[in-house]
1. By how many degrees, 0 to 90 and rounded to 10, does the Cα axis of helix 159-168 deviate from the longest principal axis of the chain?
2. Give me the percent of the accessible area of segment 64-188 that comes from carbon and sulfur atoms, probe 1.4 Å, all protein chains in place.
3. With a ≥ b ≥ c taken as the square roots of the eigenvalues of the C-alpha gyration tensor of the chain, please select rounded if a/c is under 1.5 and otherwise prolate if a/b is larger than b/c or oblate if it is not?
4. Using a probe radius of 1.4 Å on heavy atoms only, what accessible surface per residue do you get for segment 306-356? Whole Å² is fine.
5. In nm, give the distance between the simple-model label positions of Ile348 and Met34, each being 7 Å from the Cα along the Cα-to-Cβ direction.
6. Can you bin segment 41-235 into rounded, prolate or oblate? Criterion: square roots of the alpha carbon gyration tensor eigenvalues sorted a ≥ b ≥ c, rounded for a/c under 1.5, prolate for a/b above b/c, oblate for the rest.
7. Give me the distance in nm between label points sitting 7 Å out from Cα along the Cα-to-Cβ direction at Asp269 and Lys361, one decimal.
8. Helix 189-206 against the longest principal axis of the chain: what's the angle in degrees, Cα atoms only, rounded to the nearest 10?
Amino acid sequence: MTNAAVRTIPTTFTHATQFTLPYLYADLTKIFSMSQIEISRENFFYNINQIANKTQSLEKIALVLKDNAYGHGLEIVANLAAKAGVRHAVVRKMAEAKLIEHLFETVLVLTDTPLSAPSSKIRVAVNDFGDIERLPKGCSVELKVDTGMHRNGIEPKRLEEAVEAMEEAGLKLCGVMTHYRSADEIGSDFFWQKKRFDEVRSRGEKLGLKGVRWHSCNSAALFRSGTFEEDIARVGIAAYGCLRMPKPFNVPKFRPVMSLWAERIASRDLSVGARVGYGGDGEIEKAGRVSSYDIGYGDGWPRAAYTLPDGRSILGRVSMDIVTIEGDDERVCLFYDAAEAAKRFGTISYEIMTGLNPAIKRVVV
Ligand SMILES: *Cc1c(COP(=O)(O)O)cnc(C)c1O
């Protein structure tokens, strides 16, 4: 991965360093990573197509690229997205926005405070009244409204007050948004939150806000909505092919973009009763060949029991950089679908994918 990222390592993590971990790691991939994450270009393009069918235009997709593009590699996915015709991106930090802004028309930064106003392409989210004081004059912003998740955003009733305060602070308001707390679950939450947001929107329109985009949908909300009528949808997990929704929602099939591979380090023949790994937890039940592979919890792979997609199990405990598996294939696939792997670990695909060490090589296939 080519990376024009931050090369200097700050000694203190002050507000001014504007530095995030993936960019430090990016250069290390050359040094120690043998395991590999494969990114399927075809599946990614397929998913973007499905999403554009729903939004009815590529221009209405804001692709969420936070956290190293959900572990897929920020610059890799940003470049693929630009090729696919996606024009808007969402990230967490300024450092990410700066790496990819040349590829998009707008980049929304979810949680950061730039020291001076960035280019007008970059819009910074206002999550709180305090942000209005902190953000530099001339900065383009999008206001987050808390319609019920109670995480970020201002109270709906304070919209007018916020608009006035932003004007006074010299901030340029370019968008108003909210976020759903349970768009991927059956229930009424989605509907009353949407209703609150629609009310905010009609008040905003009465204020005569111009050049402002209105958006509330993540992947789940987009695909549970009937027709999509907002200006843009902030789509993450569907683009990566791991959106899971309860059956009644009738969501199109997406294709997983990421698969995880490990390479063989060493092999040996073991007889019944031999014990593999720390604590000797992995007892051999059938004599035969076993091999070690170069992935472990140090790579962000969970330290837990696991069965590979081909039905073989990890033998014994996961080490920091090693797992042992029956057989002697040159490489093994840990998962083709992070959502399936996540289910076995009792978590969600987001956690598995973003947990993978940014130092693991990412290759587009
Ligand atoms: C992460 C995030 C999204 C994307 O959610 P997905 O479920 O991955 O589609 C959208 N909006 C906000 C505010 C987010 O933090």
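The values are calculated or read from the model by the stated rules, or taken from the named source; none is laboratory data. All of these numbers come straight from a predicted model, not from anything done at the bench. Ideal geometry is used to build each Cβ from the backbone, glycine not excepted, and the neighbour counts take in all protein chains shown. Surface areas here come from the heavy atoms of the whole protein model, side chains and all, with no ligands, DNA or RNA. Shrake-Rupley method; radii C 1.70, N 1.55, O 1.52, S 1.80 Å.
1. 80 degrees
2. 45 percent
3. Prolate.
4. Spelled out: the 1.4 Å probe surface of segment 306-356, per residue, equals 47 Å².
5. With each label point 7 Å from Cα toward Cβ, the separation is 3.5 nm.
6. In terms of gyration-tensor shape, oblate.
7. Between Asp269 and Lys361, the label points sit 3.2 nm apart.
8. Roughly 30 degrees between the two axes.
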